[in-house]
Amino acid sequence: MPTENKGDNLLLCYNKGCAKKFDPSKNTEDSCSFHSGAPVFHDAYKGWSCCKKKCTDFTEFLNIKGCCKSYHSNVKPVEPEKPEKISTPEVIEYRAPEEAKPPALERPPFDTPLVTLKVEVSDALKRQSSNPVKKSQGAGANPTDDGTIAIGTPCKNNSCKVTYEGPQTLETDCICHPGVPIFHEGLKYWSCCVRRTTDFKAFLDQAGCATVTHLWRNPKSVDNKELQSKCRLDWHQTPTFVVVSVFCKNYDPDSSLVQLSPIRLKLSVFFPEENGAYCRDIELRGVVDVAKSSVAMTPAKVEIKLRKAEPGSWSQLEFPRSSEPPPKKSSEATSTSTSTSNLASRVDAVDLSDL
């Protein structure tokens, strides 16, 4: 008689941690080793809630022997119900209506007539211009109009302490600083030798770095390049104004002039000692209100407040002017017409009577 296949009678145990097949006829109360708790996975550790055995390897976790004894069970455990999805309310985005921007102002032409602005001169500058500082040596200390040098006239070069004592003084060397004094972040030095110090007396006592000829008379005039380097133009802006500042000293407010149009700023700062002026003619980046603009002059600077005619920030002070393309040369047209006329004359010269 054929033997019965025992594997057909085996059942799969669904107890947690067992997963073995068993024979129902041999199922006793200590046949199954299983875990009564639930699997726990936390911080890469794997274990069971019913015992304290933990591991990091998943295979090792599956091979952890059960901590409870009982019968094998072929009843599938009830799967936990999945939580219902909570529908999120629809988010409605609200945007405030954009304010209608005013139309941009039409840019007037560059040659719009200029208006001379009324200047507000400070009291300190008025006193300075009306009462010029007298030379410490008196009127006789300067060279006279006939070219003679008065005794006691000091050399005008920077840091030279020599005074004129007679013709023999002309043969001495002038040791001075040909550069200009610079004061920056508490440091004081000359641009020609850059020996920095923080003490003003030590700065004044610095010996010169160059040997030149003595200068007994102040220069009466300078060229435009020296005046351009003597003054410094800077600007900043607020929501309603653009402030242009020209930093300069010893200028004459009565002879200086500031003119303005909606897109153009023209200024001239006159220096009596140099008998010259610092001039600038600027096409402005934006449009300004001439009537609400003003000029203030102090001993240290000329400040021009330009009222913006429309809101917005200026990326720069001057309007970028594009250079016009150079006119086309007519040489190409001339050569083309010449070659065409030459070709026509050659065609007319061909004798076609023999063909």
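A few remarks follow.
- Residue within region 88-108 that is open to solvent by less than 70 Å² (accessible area, probe 1.4 Å), in contact (Cβ under 8 Å) with a residue 40 or more places away in the chain, out of contact with any Asp or Glu (no Cβ under 6 Å at 6 or more places or on another chain) and within 30 Å of R285 (Cβ to Cβ) present: yes
- The number of residues in region 16-33 being of a type outside the set (S, T, N, Q), open to solvent by less than 90 Å² (accessible area, probe 1.4 Å) and not in a loop (DSSP other than H, G, I, E, B) comes to 3.
- Test result for C50, surrounded by 11 or more Cβ atoms within 10 Å (Cβ to Cβ), closer than 30 Å to L10 by Cβ and in contact with a helix residue (DSSP H, G or I) (Cβ under 6 Å, 6 or more places away or on another chain): no
- Top-ranked residue in region 143-179 [being open to solvent by 60 Å² or more (accessible area, probe 1.4 Å) and hydrophobic (A, V, I, L, M, F, W, C); ranked as modelled with the lowest pLDDT]: L170
- In region 252-281, residue most open to solvent (accessible area, probe 1.4 Å) [restricted to those that are out of contact with any helix residue (DSSP H, G or I) (no Cβ under 8 Å at 6 or more places or on another chain) and of a type in the set (S, T, Y)]: S255
- Within region 185-205, residues that are within 23 Å of K230 (Cβ to Cβ) and hydroxyl-bearing (S, T, Y) have Cβ atoms under 6 Å from residues that are assigned to a loop (DSSP other than H, G, I, E, B) and open to solvent by less than 50 Å² (accessible area, probe 1.4 Å) in these pairs: S191/G179, counting only partners at least 6 apart in sequence or on another chain.
The values are calculated or read from the model by the stated rules, or taken from the named source; none is laboratory data. None of these values were measured; they are calculated from a predicted model. All Cβ positions, glycine included, derive from the backbone under ideal geometry; neighbour counts span all protein chains shown. Note: areas computed on protein heavy atoms with side chains; ligands, DNA, RNA excluded. Shrake-Rupley method; radii C 1.70, N 1.55, O 1.52, S 1.80 Å.
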